[in-house]
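Colleague: Before I ask anything, here is the structure I am working with.
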Amino acid sequence: MSFTYDLPFSNEKLLDGIIFTLKRKKEIEVVQLLRGASLSIETGGYSYYDGGWGRPDAKATSIYLYVNPVNIEGLDTKENKELLRSISDTLIPAEVGYDVKRVILRSI
């Protein structure tokens, strides 16, 4: 498979998709904690070499969520970060070539 390494939508649309998916999963508390958040994506080296899993030609990708500082503690759990990582990885089309490895929380 040949990857594009380019998202077919904006970071804002990805965040909208994450929030919509959280609502569908009835994760209302997480949705509330993401109110006013923004998102950025950072890619690194090849996915397989970052953690020993992933597609060999895909890029290891980190999702940065910029949230209200008072909400970081509520979001910064292993379960919430894995939920957000999994949703992000699912929403990014396979042909883009991004394997989401982690979600990193930062203050706005």
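Colleague: Treating only the Cβ of Lys, Arg, Asp and Glu as charged (+1, +1, -1, -1), what charge dipole size does segment 44-101 show about its Cα centre? Round to the nearest 20 debye.
Modeller: 60 debye
Colleague: So which of LYS25/LYS78; LYS23/LYS59; LYS26/LYS101; LYS25/LYS59 end up more than 20 Å apart, counting from Cα to Cα?
Modeller: LYS23/LYS59; LYS26/LYS101; LYS25/LYS59
Colleague: Something else about it: Give the Debye-formula value of log10 I(q)/I(0) at each listed q (0.19, 0.20, 0.24 Å⁻¹), with one equal scatterer per alpha carbon of segment 17-58, two decimals each.
Modeller: -0.71, -0.72, -0.74
Colleague: While we're on this one: So with the 1.4 Å probe, I'd like the accessible area per residue for the chain, rounded to whole Å².
Modeller: Ligands and nucleic acids excluded, the figure is 59 Å² per residue.
Colleague: Could you work out, for the chain, what percent of all Cα-Cα pairs fall into each 10 Å distance bin, beginning at 0 Å and stopping at the bin that holds the largest distance?
Modeller: Cα pair-distance distribution for the chain, in percent: 15, 49, 29, 7, 0.
Colleague: Mind running the shape call on segment 46-86? Use the C-alpha gyration tensor, a ≥ b ≥ c as the square roots of the eigenvalues: rounded below 1.5 for a/c, prolate if a/b tops b/c, oblate otherwise.
Modeller: prolate
Colleague: When the chain is fully extended, how far beyond the present Cα-Cα distance does THR43 get from SER86, taking 0.36 nm per residue of separation?
Modeller: Difference between extended and current length: 13.8 nm.
Colleague: Size of the dipole of the chain about the Cα centre, Lys and Arg at +1 and Asp and Glu at -1 on the beta carbon, nothing else charged, in debye to 20?
Modeller: 240 debye
Colleague: For the chain, which longest stretch is free of loop sites, where a loop site is one of the chymotrypsin sites (Phe, Trp or Tyr not before Pro) that DSSP puts outside H, G, I, E and B and that has at most 16 other Cβ atoms within 10 Å?
Modeller: Maximal segment without exposed cleavage sites: 54-108.
Colleague: As an exercise, identify the trypsin sites (Lys or Arg not before Pro) in segment 1-80 lying in DSSP coil whose Cβ has no more than 16 other Cβ atoms within 10 Å.
Modeller: Here the trypsin sites (Lys or Arg not before Pro) that fit, given the DSSP loop and packing criteria, are LYS25, LYS26, ARG35.
Colleague: If I stretch the segment between GLU79 and LYS13 completely, what's the gain in nm (0.36 nm per residue apart, minus their alpha carbon distance), one decimal?
Modeller: That works out to 21.4 nm of additional length.
The values are calculated or read from the model by the stated rules, or taken from the named source; none is laboratory data. Quick caveat, the model's predicted, so the values are computed rather than measured. So basically every Cβ, Gly included, is an ideal-geometry build from the backbone, and we count neighbours across all protein chains shown. Each accessible area value is taken on the protein alone, full model and side chains, heavy atoms only, with ligands, DNA and RNA left out. Shrake-Rupley method; radii C 1.70, N 1.55, O 1.52, S 1.80 Å.
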